[in-house]
Every structure is written in C-alpha cells, then in structure tokens.
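Have a look at the structure below, then the notes.
Bear in mind these aren't lab numbers, they're just calculated from the coordinates by the rules spelled out. Computed from a predicted structure; not experimentally measured. Because the Cβ atoms are built from the backbone with ideal geometry, glycine has one as well, and the counts that use them run over all protein chains shown.
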Amino acid sequence: MGDSELRIPAIEVQQSPGRILYSFAIDGKLIPSFAAISRVHRREAVLEGYQRPEVLAHIAEIRDYLESESPMIPNAVVIAFDKRVRFEAGPVATVGPSYARTGDLVIPFDSEADDTAKPGFVVDGQQRLAAIRDATIDEFPICVSAFIAHGVRDQIEQFILVNSTKPLPKGLIYELLPSTQTTLPSLLRRRRFPAYLLDRLNRDEDSPLKDLIQTPTTPQGIIKDNSILKMLENSLSDGLLYRFRQAAPSDGDAEAMLTVLRSFWSACREVFPQAWGIPPKRSRLMHGAGIVTMGFLMDAIADRHRSERLPSQQTFRADLEAIKPECRWTDGYWIFGPGRERKWNEVQNTSKDIQLLSNHLLVLFRSAVRGTETPGDQRERSDARLPLEA
C-alpha cells in the first residue's frame, strides 16, 4: 500500500503558550500503523530510544482482561507526533471555551514503512497497546492524548515526566482491593482475599487488632499492613488458614479463618500484655519480624491441636505460655545459640532475621510441649516444617 492519510476527529487543547494537545479516540489495533515504540538500545555505545522493553507477563495479564467480559481502559495512551501531522479545525463553534476547538487530526502513514519512518512515537501505553495488538478481539477503541514534538529530546522529556509521577501508595491499593470484583493482575488478585481478612481484623469490633493496623484510613495504626498481609499469605499458603480454603466457594470459609485469627491474637494480647499495642520501636511483637514469626507459631500450635477444628483462645494461650520466658519483645537479649546473642531491638524486618527468629521460637515451642505429647504425636511432628524462607 502506498502513502495515505488517516483523518481522526479530535479536540485541540491549548494548555499553555506553545503547548497544544490533541485528544481523540481510535481502535488500538490501528495505532501501530502510524506510531512506533522507541525502545532503549545502544548503537556503538550511544544510547538511543527511551521506552522499556515489553514486559510479557504484564502484557499477558492485560490481554486476558481485554478478552474478559466488559473490559475498560480509561487512561489514555500518550503519543508524540512529528511535524508531518497536522490539525484542521472544523467550523468555529458559537459557544465554547477559548482554549479548545474541534476538527480533524490528519496523520500520514505508509503501512510498508518501518518504525523509524512512522510519524508517531508512543510515550506512554506501550504495554496496553501490545496487549490490544495480541488480544483475540476485533477492535478495542482507546483514548489518545497526543502532541506535536519539537524533536526526540521533547519526546524523552515528556516520557520522563509521564512515567515519574508518584504511583498510588500500595497501602491504598490493598485497602481498596476487597471492594473490587473485576479481573485484576495476578499479584493483586492473590492479595485481594488476604486484604479482605486484614480489613475485617482492623474493623470488626471483636477483633484484638481493631484499629492497630496502619492503612490510609487508619493512619494511627502501629502495625504495618504489609506485615499482616505476609502473615496471612503464609498461613493461607500452607498453614492453619489453608484448612479452610476448600471449605467454601471462592477463597474459602472467611468466617472460620477470622474466628481462629481473633482467638490467636487475643491470646497474644493476654500472654504478652507489656508488648501489646505499642509502636514497633518499643515492641518487636508489633514489628514486622514479630508479626510474621507469630503467624508461623500460630500454624504450629494449630498443627499440634489438629483435633480442634477451630483452636480456641485458651488453647493458643496455654501453648504461648510455654515460650513466654524466652521472648524478648521489649527488652533484654534474644539467645539464638552459643555466641549468638541479639539485643531485642536489633531484630529487623528482613527475610534473614525473620527466619532466625521464627526457627528459634518454633524449636523452643516444640521442645517445651514435647513432654505433653504421646510418642505417636512426636513421630508425626518430627519432620514438621520450619519457615526456611519468610
């Protein structure tokens, strides 16, 4: 096919002197015919281009969403055009703002041209366009915000500005997750149910953790939301909460999970009152390392009492008492072995320290309760899991 022009109804918006934007809608599958992606590469040690390489997993997730029922992508793709693109204004409107007018954006293109000859470059929206390109759908209209660039430097500057804006805080995303039902990226999908449990623990009147978990709407909370999410995810994966995953449709029996969670953390509050409800700088029980570690201990206690479908607060409290003398949540030194002392507040929220603390308390717990088990119980638990990786 030879040279041709594409006429698209558009709105011209003058944002500031010399800065004009064009807003229009078009089938996303057509955009690659006139706009290329300038990927970062080097030619003889010179850096060229500015876009990130395609992230295949991310594209696949967007594609799956596009192929689902009633998808919507409200955020616009940003395209920088060169001076071959022009705007032809329509009839002058009798009523309307002085900074905007309607007309046609005229885009020359040649379907046989390579990327370097195309008049447009994608500044933002690379993954979305790749997903639209690959999706098994006939078309998908998408909004575009475009501008006429003065050169590659102008394109790069806009790319940096668009992609350096502050993203939504993760805490806000996690707090919003429970109220969503749409198809989500895999990471958010995995966190939606734990986020629901977290929200209930932080809101329910009978929860010992009520208002203690720090979220955007509970800024006074002292426990980081991510620490609670890790604790929940670990148990949902292969701990106590996993028992209830298949007990109900969807994500499992949430009420049963919340019952045992309330029982366990109420027991923690009773057994460690001096370390409860104070900032992590004063209590490692409220610290990320303590929260995740106690989650592993909750699983171990429940495993010891498998005959109880829902271990009670009294059951948890009795077994927690067995390790209480060795815990150094607010003062003193943790004794992890000969020559391996660590001041109480030197334990950090790192995988290495969480593994160290978890293994230490689990070994102490199993040693303390071994005398109350039958020989059969001991053989059954001789190879019980330790948290090799937090």
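See the values below:
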{"quantity": "Where labels lie 7 Å past Cα in the beta-carbon direction, separation of ALA25 and ALA100 in nm", "calculated": "1.4 nm"}
{"quantity": "Fewest-first sequence of ILE20, ILE213, ILE59 by Cβ atoms within 10 Å of each Cβ", "calculated": "ILE20, ILE59, ILE213"}
{"quantity": "25 °C / 0.890 mPa s Stokes-Einstein diffusion coefficient of the stretch 170-381, Kirkwood radius on C-alpha pairs, µm²/s", "calculated": "138 µm²/s"}
{"quantity": "Distance histogram for the stretch 184-292 (every C-alpha pair counted, 10 angstrom bins, percent rounded to whole numbers)", "calculated": "14, 48, 31, 6, 0"}
{"quantity": "Ascending count of other beta-carbon atoms within 10 Å, so fewest first, for MET72, MET231, MET286, MET294", "calculated": "MET72, MET294, MET286, MET231"}
{"quantity": "Packing rank of 320-332, 5-17, where each peptide gets the mean count of other beta carbons within 10 Å, highest leading", "calculated": "320-332, 5-17"}
{"quantity": "Cβ-based net charge around ARG7, under 9 Å, with every Lys or Arg adding one and every Asp or Glu removing one", "calculated": "-3"}
{"quantity": "Relative contact order for the stretch 170-381, counting Cα pairs under 8 Å that sit 6 or more residues apart, in percent", "calculated": "16 percent"}
{"quantity": "Across LYS83/LYS118; LYS281/LYS343; LYS224/LYS343; LYS224/LYS324, pairs whose alpha-carbon gap is larger than 18 Å", "calculated": "LYS224/LYS343; LYS224/LYS324"}
